Amino acid sequence: MESPVKMMKWFQEHAVTIDKARQMKDEERENKVSIGVLMDSDKPSFLEKYQTVREQAKASLKK
C-alpha cells in the first residue's frame with residue numbers, strides 16, 4: 001500500500017468480525033478481512049514454557 005494511513009483506512013473499510021462474516025454470503029465476504037478471536041485455547045504462553053526450560057537447564061547444571 002502507498003502509506004500506513006491508507007493501509008489502516010483499507011483495513012477499517014474491509015474488516016468484519018468473525019460473527020458478522022459467518023452471517024454474510026460468500027460474495028459479500030469477498031475482499032473482506034475477518035477479525036476477532038480465531039482460536040481460543042488453554043496452552044502455556046511462550047514465557048511460561050521458556051521459564052520451564054530455564055529451570056530444567058539450571059537443574060541439569062547442578063547435577
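Find the residue count for the range 23-41, including only residues that are out of contact with any helix residue (DSSP H, G or I) (no Cβ under 8 Å at 6 or more places or on another chain) and modelled with pLDDT under 90.
Going through the range 23-41 one residue at a time, the tally reaches 3.
Taking every residue in the range 36-59 that is surrounded by 10 or more Cβ atoms within 10 Å (Cβ to Cβ) and pairing it with any residue that is not polar (S, T, N, Q), at least 6 positions away or on another chain, the pairs with Cβ-Cβ distances below 6 Å are Gly36/Ile18.
Report whether or not Val53 is modelled with pLDDT of 90 or more and assigned to a strand (DSSP E or B). No. Among the residues making up the range 11-48, those that are assigned to a helix (DSSP H, G or I) and under 19 Å from the mean Cα position of the chain (by Cα) are Phe11, Gln12, His14, Ile18, Asp19, Lys20, Ala21, Arg22, Phe46, Leu47, Glu48.
The values are calculated or read from the model by the stated rules, or taken from the named source; none is laboratory data. What you see is a predicted model, and the numbers here were worked out from it, not measured in a lab. Cβ atoms come from the backbone with ideal geometry, glycine included; neighbour counts cover every protein chain shown.
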